[in-house]
Structure formats: structure tokens, C-alpha cells
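The values are calculated or read from the model by the stated rules, or taken from the named source; none is laboratory data. Keep in mind it's a predicted model, so treat the numbers as computed, not measured. All Cβ positions, even for glycine, are placed from backbone atoms using ideal geometry, and neighbour counts span all protein chains on display.
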């Protein structure tokens, strides 16, 4: 966080407090805006016309360009919030000589380009970026007004964010991969937020010196500043990561083929993260922080539970009927899956038969907590103690009773995972040893990594063989086709409330690489997430 941000935030809060304290006075002013009553006999209704959109945006742009924060804010539907941010644009961010060029409106949305200069202590650099605004009708005044969002000021800003120019609190880093290749945001866009976080956490440990920059300071605690423009470079300290540049490049390319996709690859023998990529508009690192139902990829853990508790084995019985009822809730299989009352666990696993797993979860000695214990004790999940080097989610497999106990067993119900979690599950399954994934060596900051018992040699061998069958003869065969070496996989699709199409999940391994991917509303596991994982395994295996 650049120095000076505290004063800016205090100034912003003060402005809000004054607006709240002078409530009656504010109402008089806001009568010119959205919320004040004008007492007029009638006000305009309906969407703003093209002329109104052009006029409202032009007035806003003109005031903004001149640094007239109060005037510009009056052309928005939220003057109290807009004014301090517009004022800070010049005062705290030190952005001057602003020139705004609007583009052709699409409906009520007006795109525009900002060209300006950032100047701080005799150092100046040009700043150019694109953003957009939307013009709406004021609810009480009927005036055409700019719908105020922080993203109007800069497209990467969100509620609570502040633009600041000054000396950076964290020295710059030159992040490198496991072989010394430099990792940059430009070459590896998915690493942008991650590199910012690594800089915040490890900049002072990498030996660098701070520079001067324009940055977005985020309100959320622990979220790294987003650097927008460097006016004066500090000396970057080298920070070695576990990333493989070749695997990262493949991951970046693979997720671009499917919107709202995320993938993680790890090295099972060490726990090192080889690649992490996201294709999302919101910049959220869903690959590490996502909390969503994993669908049938969860059957890896459920199968381990069944084997470890002596319920069945790879070649033991796991009948696959058309439907299965658990405590009044009926579960079925994916459309087109043929029932098989004589199926083994391996057969039901490779074909991803839901009913086979539902039928077995009430067998003794299983209890409501058996799946939770298996996930925690064997796979190191759900205890909120992973220390990867950046923010990450450890998985959630709660102890439940009723229908959700059955749903959890097939990766629905209350189970939540991230691609990182499922890549780790695969790594544990194929090696028998839980090794907590990490992106930066724990030696750098003496972090204590999470531990777990892991799996017996017998259970690991059976899981690995079932995943091999799935990759060569089962639901993952099409996605994994053409991959050489020792391969295995598990598909999954997870239904989510409010979605018409299920999320696509896929996890697999090739030699000493395990990967997992998730595509929101991607459908079956082999359709979207499968090709992403296969592409990463092909490059890194």
C-alpha cells in the first residue's frame, strides 16, 4: 500500500461523515440529484433518451476533466460516494491534465478513453486506460444521471477502493519460476493478482527497495494493492516460486477456451504448485479460493472411505441401480448411464455411477462423520490450516445427517472444494501421501505446512488403478485420449441452484503431475474441464 493512503481514507470517511451529519443540508443539495424531492408536479420516467445520455455523460466528463469533483458528482446518482473519490483522483492519486474521449454509446452505456498524466515529486508519466459508464433516470427527480460505480473512475476499482500515488509500502519483486524464468503479468495474465499478493507478502523478504507508483488500494484486509503505473522503479528482489513456466503457459492458453474456468497443477511428489490459471472477468482467484460443489470428482474421497472402512474394494461389489433412495430423497444417474446390478466399485467409479455410492454409504461401520474424517485425516482437507504462500481455501466436508449425507458422497450437498483442493486429492490418491500444496517455499518465512496421515499402500493402489481405468475406458477417456505415460482421471458435474447447466469438473494425473479444473456452467466433466486438464498434463507430464 503506497504511503499516504491512510490520510486519503480518513479524508474519504470525513467527507462521508460530514454528509451524514449535515443530513438536512444534504437533502437540499441532493434535490439537484437523485434522491431529493423537487416538489415539481411531474418528473420524467422511463429510460433516458439518446440525447439525454449524451448530455449527461458530456457534463460529467467536462467537470471531471477540469478537476471539479463536486460538480462532477452532482451529475451522478450518488453524490456522497462519488465526490470524495473524484476529489482523490487529483489530490491523492496526483492525476492531472485529464482528457476524456467518449465512444459511441450502446444503449445507455457510454465507453470512454482517459488520457492523463500522473505526477509525483518531479516524476511524471502518461496514463491511458478505457472504462465505461451507464446513464440512468433519477428515481425522484427524473433527471438523466451517471450511475455511479467506482469502476467509472477506473475499470479495476470496486467499492471501498482508493486510487493512490506515492512510495510503495512493499518493494517490487521479480518473481521467477522453478528454473529461473521471469514471471510477468503481461506474459501470464492469470498470475496478475497472485504476483501482487506475493509482492505484498514477500517484497520485504526478497531484498528489493520500494519505488513510486499509482496503485489501487483495496479496502479488504489482506488484499494486495493493484499497481497501475510505475513512475520510478525500485530495485526488485528476486522471489523464486514453484511455478513451471511451461505448465503455466499451457494453463493460461487452456482456460481461455472456456469462460469462467480455473485450473491448478501440482507435483504429487513434493506438493509444489506448477501452474494456476483463471479465465474470469472478476479477477477472483477461483483456482485457489473457489468454494463450490465438486460433483463426482468427490468420489475419489468417497471410494477411499469405502475401502478404508472395509465396506468394499476395487473389485468388490458396488451395484449400480437406476435409482437409489436415502432417507426419502431419490438419487439418479446421468442420462444414458446403463444400470448394472453386478458392478464392482471400479466399474461404478469409472462410469461415475451415483447410485452405487449412495447405496453403500449406509453400510456399517460408516457414520455421519465418516466422510469428514476421511477427508481430514487422509487428504488433509477441511481444517483451515493450509499455508500455500497466498490466500487459499482448504475445502469443506462437514458432518451432516439426512439427505445431505448421501449428496455429500457424490460431491453435492454441503461439500465445497476448489481446483487446488481436487488437484491435491488426486496427488494424495496416487502417492498415498498428503503433501500440502504450496506456491512459495515455507523456508522463506518459516511457515508450518499442514499434515495428514495419508492413505495405506493398498488404498492408494486401488484408487490409482480406478483412475487409470476411468482415463482409458471410462468417462474421462475422450478428454485424456492421446496422452502417454502413466495417466488417470475422474470426471464430475455439479448442479448449482439457479444454474440451468451444471459446473464441469475434472481431475487427473500424468506421471508426477496432478491437475484439476472447474468450468462454471461447462456441463459434463469431460466437455470443458477435461480438455483444460489434459492440455496442462500434456505440457507438464
Note to self: Can you find, within the range 169-201, the residue that is nearest to residue 223 (Cα to Cα) among those that are free of Cβ contacts under 8 Å to residues at least 24 places away in the same chain and not in a loop (DSSP other than H, G, I, E, B)?
What the structure shows: 195
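This table checks each residue for (1) in the same structural domain as residue 502 (by TED's automatic domain parsing); (2) part of a helix (DSSP H, G or I); (3) touching a strand residue (DSSP E or B) at 6+ places or on another chain (Cβ under 6 Å).
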residue	(1), (2), (3)
338	yes, no, no
346	yes, yes, no
356	yes, yes, yes
368	yes, no, no
375	yes, yes, no
384	yes, no, no
388	yes, no, yes
Margin query: Return the residues of the range 444-462 that are assigned to a helix (DSSP H, G or I) and modelled with pLDDT of 95 or more; say none if nothing qualifies.
Written below: 457, 458, 459, 460, 461, 462
Next item on the list: Report whether or not residue 282 is farther than 23 Å from residue 431 by Cα, outside the structural domain of residue 226 (by TED's automatic domain parsing) and either more than 20 Å from the chain's Cα centre (by Cα) or not in a loop (DSSP other than H, G, I, E, B) (or both).
Entry: no
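Matching residues to (1) at pLDDT below 95; (2) in the same structural domain as residue 427 (by TED's automatic domain parsing); (3) in a helix (DSSP H, G or I); (4) within 22 Å of residue 288 (Cα to Cα):
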{"site": "490", "(1), (2), (3), (4)": "no, yes, no, yes"}
{"site": "493", "(1), (2), (3), (4)": "yes, yes, no, yes"}
{"site": "515", "(1), (2), (3), (4)": "no, yes, no, yes"}
{"site": "535", "(1), (2), (3), (4)": "no, no, yes, yes"}
Next item on the list: Give me a count of the residues in the range 501-513 that are over 21 Å from the mean Cα position of the chain (by Cα) and not in a strand (DSSP E or B).
Entry: 2
Item checked: Residue tally, condition part of a helix (DSSP H, G or I) and surrounded by fewer than 22 Cβ atoms within 10 Å (Cβ to Cβ), over the range 70-87 -> 6
Next item on the list: For residues that are in contact with a helix residue (DSSP H, G or I) (Cβ under 8 Å, 6 or more places away or on another chain) and within 30 Å of residue 275 (Cβ to Cβ), tally how many sit in the range 137-167.
Entry: 3
Checklist line | Candidate set from the range 145-178 (those that are at pLDDT below 95 and surrounded by fewer than 19 Cβ atoms within 10 Å (Cβ to Cβ)); member that is farthest from the chain's Cα centre (by Cα) | finding: 167
Checklist line | Sole residue being exposed (fewer than 15 other Cβ atoms within 10 Å of the Cβ), at pLDDT below 95 and not in a helix (DSSP H, G or I), chosen from 39, 25, 20 | finding: 39
Item checked: Qualifying residue in the range 184-201 (condition: at pLDDT below 90, over 20 Å from residue 287 (Cβ atoms) and buried (at least 16 other Cβ atoms within 10 Å of the Cβ)) -> no
Next item on the list: Collect the residues in the range 217-231 that are assigned to a strand (DSSP E or B) and either within 13 Å of residue 171 (Cβ to Cβ) or touching a helix residue (DSSP H, G or I) at 6+ places or on another chain (Cβ under 9 Å) (or both), keeping them in residue-number order.
Entry: 217, 226, 227, 230
Notebook entry, point to check: Could you say whether any residue in the range 402-411 is touching a helix residue (DSSP H, G or I) at 6+ places or on another chain (Cβ under 9 Å), within 22 Å of residue 523 (Cα to Cα) and assigned to a loop (DSSP other than H, G, I, E, B)?
Noted result: yes
Margin query: Of all residues being without any contact (Cβ under 8 Å) to a residue 40 or more places away in the chain and in a loop (DSSP other than H, G, I, E, B) in the range 311-335, which is surrounded by the most Cβ atoms within 10 Å (Cβ to Cβ)? Just the residue, please.
Written below: 333
